[in-house]
Amino acid sequence: MLLRVTNRAANFLSKLPLGGYRRFACALLLAFIALPAISAQEPAQTPPPNSSTPPVARPVPAAGGAFSSTSPPQAPSRAGLNIVVLDPAHGGTDTGARGTGGVRESEIVLEFAVKVRRALELLGFQVVQTRLANENPSFDDRSALANAQTGAVFVTLHISSNGLPGTARVYVNSDLPAEREANGLIPWDRAQAPFLGLSHKLGDLVQGNLAQQFRGSPGDAQTSAVRQLRTTAAPAIAVEISSVSVENRQDLDGMAPGVADAIARGVAAFRPSYVVAGVGGAIR
């Protein structure tokens, strides 16, 4: 078809007089001939997507968190106990107990937390820390972090200012009679009440392992009115190592692996007993 059109155009041009008319007509003819070639070189247009096909979702960068590493916390691999909220006590301007050699409780517990975290992760637990450096979250911030988890226990680390050096004790909160307000909410400062039984069981398991590691440590967990435990809605214990009064800082540093192993083994032994306590109401 294109060849016949081109021949006819050539015959028509041959009859035109020389000059501007013939040149103008030749230009039109060349443009007509070149048009198909130009069209063939143009990229094919992408057809519009089928409205029935859902768009492909693009990955959205996850927001970072102050209490985690560079990646966001992963979902628990199975139902039950999977998370340990680890709380290195004090921090910031609150140094905690101080020893004669300049030993600061806030620094020691942060170093202990590194060992405890590693031991727990080796047993398959996800660890969330209330602080990773020298910041000082409030008591309520620490409890709120623990209360936001599902399938978790809470362990706060302390160094005592006295006591027999080379020993360790586990504390569980003193009895808290369960109370509810008229609207059915549980007061914030009694959030631990529904979990005391589980906390005692966890505390005894960890204390038993500590007693095997450190001679002179008690065999069972003790009770005390620990402020940090009272507002935690999960099985919760405080582990206290003795003490900042040691003459040689290395005596404390040498306890870290044994404390970490005892806590990890105790939490792992508690795992089959873990249940979600019947709170039966929101916490205010």
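Taking first residues from region 155-180 that are within 17 Å of Glu111 (Cα to Cα) and partners that are among the β-branched types (Val, Ile, Thr) and at pLDDT below 90, the Cβ contacts under 9 Å between residues at least 6 apart in sequence or on separate chains come to Ile159/Val103; Gly166/Val246. Within region 124-143, the set of residues being among the acidic types (Asp, Glu) and outside any loop (DSSP other than H, G, I, E, B) comprises Asp140, Asp141. Would you say Phe195 is touching a residue at least 12 places away in the same chain (Cβ under 8 Å), among the aromatic types (Phe, Trp, Tyr), within 25 Å of Val128 (Cα to Cα) and in a strand (DSSP E or B)? No, not satisfied. With respect to Val267, determine if the residue is surrounded by fewer than 24 Cβ atoms within 10 Å (Cβ to Cβ) and either out of contact with any Gly (no Cβ under 9 Å at 6 or more places or on another chain) or part of a loop (DSSP other than H, G, I, E, B) (or both). Taking the combined requirement at face value, the residue does not satisfy it.
Among the residues of region 215-225, is any over 22 Å from Arg265 (Cα atoms), open to solvent by less than 50 Å² (accessible area, probe 1.4 Å) and in a loop (DSSP other than H, G, I, E, B)? The answer is no, given that none of the residues of region 215-225 is over 22 Å from Arg265 (Cα atoms), open to solvent by less than 50 Å² (accessible area, probe 1.4 Å) and in a loop (DSSP other than H, G, I, E, B). Filtering region 104-117 to residues that are in contact with a helix residue (DSSP H, G or I) (Cβ under 7 Å, 6 or more places away or on another chain) and either open to solvent by 10 Å² or more (accessible area, probe 1.4 Å) or free of Cβ contacts under 8 Å to residues at least 60 places away in the same chain (or both) leaves Glu111, Lys115.
The values are calculated or read from the model by the stated rules, or taken from the named source; none is laboratory data. Since the model is a prediction, treat every value here as computed from it, not as a measurement. Here the Cβ is made from the backbone with ideal geometry for all residues, glycine too, and neighbour counts use every protein chain on show. Note: areas computed on protein heavy atoms with side chains; ligands, DNA, RNA excluded. Shrake-Rupley method; radii C 1.70, N 1.55, O 1.52, S 1.80 Å.
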